[in-house]
Amino acid sequence: MFRTIRTATVTALIATVGVGLTGCGVLSDVEDGLREAEGDLETAAEEIANDGELFTGAKTLDVNGASVNLSCSGDPAVDGPVILLMAGMGDGLDTMADLQETLSEQDRVCSYDRLGEGESDQPEGPQSVADSGEILSAVLDDVSDGPVVLAGHSLGGLIAARYAPDDTERVKGLVLMDATSPTMLDDITEVIPESATGDGAEVRAQNIAMFEGENPEMITIESDPQVRSAGDIPTEVIQHGVPYLGEIPEYGDELERVWSEGQEKWLAISGASEPSTAEEAGHYIHVDQPEIAVEAIQRVVGQVAE
């Protein structure tokens with residue numbers, strides 16, 4: 001950031017009973033009973049879907065009175081974790097749709113809109129990263145009762161990395177795709193001085209405002225050099241290889257340097273962190289080089305499953 005199987009079983013049973021009762025004098029009563037059973041079945045199926053694990057498609061969650069948009073697809077792999085994709089600031093879950101579709105061919109994958117993004121409600125007031133973590137926790141409660149792998153892009157990566165150490169019983173793997181640096185605000189103000197003019201001054205002012213809450217999520221993002229450990233969970237930290245920040249006159253090269261240093265800082269989140277670079281990708285690694293993102297997530301999922 002710079003800026004459902006159970007239904008089939010019962011249906012088959014109903015069909016068998018219907019054949020056996022054909023010609024009976026009580027057929028109409030039975031048919032009424034069957035229609036009632038089918039209605040109960042549909043209701044049960046909806047309840048199962050709304051519990052999360054067997055849910056496929058889009059739905060909304062009520063989290064403390066706010067509506068959160070959620071999408072899930074794919075079948076749970078045996079002993080495998082659920083993957084949760086987390087988009088960057090200003091992006092809805094639709095930006096993860098292609099990645100989710102590919103991953104769901106062999107794994108259970110979900111994504112969601114944070115408050116202020118996509119189809120979710122607007123936040124009622126200013127938020128912190130911890131507040132966003134509470135929403136994330138509620139989403140995880142719905143989509144999985146087992147291990148999960150968080151795969152976050154940009155701000156989504158920062159939120160995932162800040163959350164993981166607090167939920168080590170559930171978060172068993174991380175993929176950070178060009179995650180916002182833990183010290184990004186300080187890095188920007190260090191590189192671009194208050195005395196800057198022109199494009200540099202504009203970049204500085206815009207990012208200060210954004211980090212102080214002038215963004216769609218109304219979230220304040222404070223610099224914190226401490227990267228807490230989530231243990232030795234499989235973690236991949238991927239940074240962009242196409243230097244888009246270098247386009248900023250005078251300060252671009254230094255901004256690229258501090259961004260790269262920020263990715264190195266995230267390695268401290270796990271004793272099993274692996275760094276890599278998506279050589280042909282800008283900030284949107286999962287769009288520019290989707291195979292890099294897919295392979296990294298699948299590697300982490302495989303390690304968690306083992």
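The values are calculated or read from the model by the stated rules, or taken from the named source; none is laboratory data. In this text, all values refer to a predicted model and were calculated from it rather than measured experimentally. Neighbour counts run over all protein chains shown; Cβ positions are idealised from the backbone, glycine included. These accessible areas exclude ligands, DNA and RNA; they are computed on the full protein's heavy atoms, side chains included. Shrake-Rupley method; radii C 1.70, N 1.55, O 1.52, S 1.80 Å.
Answer yes or no: is there a residue in the range 153-164 that is in a helix (DSSP H, G or I) and either at pLDDT below 95 or closer than 20 Å to residue 79 by Cβ (or both). Explain how you work it out, then say what you get.
Looking only at the range 153-164, we keep the residues that are in a helix (DSSP H, G or I), and these are 155-164.
From what is left, the residues that are either at pLDDT below 95 or closer than 20 Å to residue 79 by Cβ (or both) are none.
No: the range 153-164 contains no residue that is in a helix (DSSP H, G or I) and either at pLDDT below 95 or closer than 20 Å to residue 79 by Cβ (or both).
If residue 98 meets every condition in (1) in a helix (DSSP H, G or I); (2) farther than 29 Å from residue 288 by Cβ; (3) charged (D, E, K, R) apart from one, which number is that one?
So residue 98 meets the others, but not (2).
Taking the residues in the range 250-271 that are part of a loop (DSSP other than H, G, I, E, B) and open to solvent by 40 Å² or more (accessible area, probe 1.4 Å) as candidates, determine which candidate is modelled with the lowest pLDDT. Give the steps one after another, and end with the answer.
Taking the range 250-271 and keeping what is part of a loop (DSSP other than H, G, I, E, B), we get 250-251, 270-271.
From what's left, open to solvent by 40 Å² or more (accessible area, probe 1.4 Å): 250, 271.
Values: 250: 92, 271: 97.
It comes out as 250.
If a residue must be farther than 20 Å from residue 286 by Cβ and either assigned to a helix (DSSP H, G or I) or out of contact with any helix residue (DSSP H, G or I) (no Cβ under 7 Å at 6 or more places or on another chain) (or both), how many such residues does the range 226-249 contain?
Of the range 226-249, the ones farther than 20 Å from residue 286 by Cβ are 226-233, 246-249.
From what is left, the residues that are either assigned to a helix (DSSP H, G or I) or out of contact with any helix residue (DSSP H, G or I) (no Cβ under 7 Å at 6 or more places or on another chain) (or both) are 226, 231-233, 246-247.
Qualifying residue count, the range 226-249: 6.
Which pairs have Cβ atoms under 7 Å, sit 6 or more apart or on different chains, and link a residue in the range 248-275 that is more than 18 Å from residue 223 (Cβ to Cβ) to one that is among the hydroxyl-bearing types (Ser, Thr, Tyr) and exposed (fewer than 15 other Cβ atoms within 10 Å of the Cβ)?
Between residues of the range 248-275 that are more than 18 Å from residue 223 (Cβ to Cβ) and residues that are among the hydroxyl-bearing types (Ser, Thr, Tyr) and exposed (fewer than 15 other Cβ atoms within 10 Å of the Cβ), the close pairs are 270/229.
Can you name the number of the only condition in (1) over 20 Å from residue 260 (Cα atoms); (2) open to solvent by 30 Å² or more (accessible area, probe 1.4 Å); (3) small (Gly, Ala, Ser) that residue 230 fails?
The one condition residue 230 does not meet is (2).
Residues are listed down the side, and each one gets a yes or a no for (1) in contact with a Ser or Thr (Cβ under 7 Å, 6 or more places away or on another chain); (2) surrounded by fewer than 19 Cβ atoms within 10 Å (Cβ to Cβ):
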{"position": "161", "(1), (2)": "no, no"}
{"position": "168", "(1), (2)": "no, yes"}
{"position": "180", "(1), (2)": "yes, no"}
{"position": "191", "(1), (2)": "no, no"}
{"position": "195", "(1), (2)": "no, yes"}
{"position": "198", "(1), (2)": "no, yes"}
{"position": "201", "(1), (2)": "no, yes"}
{"position": "216", "(1), (2)": "no, yes"}
{"position": "236", "(1), (2)": "yes, no"}
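Checking the structure you have, find out if any residue of the range 148-165 is hydroxyl-bearing (Ser, Thr, Tyr) and either in contact with a Pro (Cβ under 8 Å, 6 or more places away or on another chain) or at positive phi (or both). It would help to see each step written out before you state the result.
Taking the range 148-165 and keeping what is hydroxyl-bearing (Ser, Thr, Tyr), we get 154, 163.
Now restrict to residues that are either in contact with a Pro (Cβ under 8 Å, 6 or more places away or on another chain) or at positive phi (or both): 154.
Looking through the range 148-165, at least one residue is hydroxyl-bearing (Ser, Thr, Tyr) and either in contact with a Pro (Cβ under 8 Å, 6 or more places away or on another chain) or at positive phi (or both).
When you look at residue 205, is it open to solvent by 40 Å² or more (accessible area, probe 1.4 Å), assigned to a helix (DSSP H, G or I), among the small types (Gly, Ala, Ser) and closer than 19 Å to residue 251 by Cα, yes or no? Steps first, answer last, please.
Numbers: open to solvent by 40 Å² or more (accessible area, probe 1.4 Å): yes; assigned to a helix (DSSP H, G or I): yes; among the small types (Gly, Ala, Ser): yes; closer than 19 Å to residue 251 by Cα: yes.
Against the criterion (open to solvent by 40 Å² or more (accessible area, probe 1.4 Å), assigned to a helix (DSSP H, G or I), among the small types (Gly, Ala, Ser) and closer than 19 Å to residue 251 by Cα), residue 205 qualifies.
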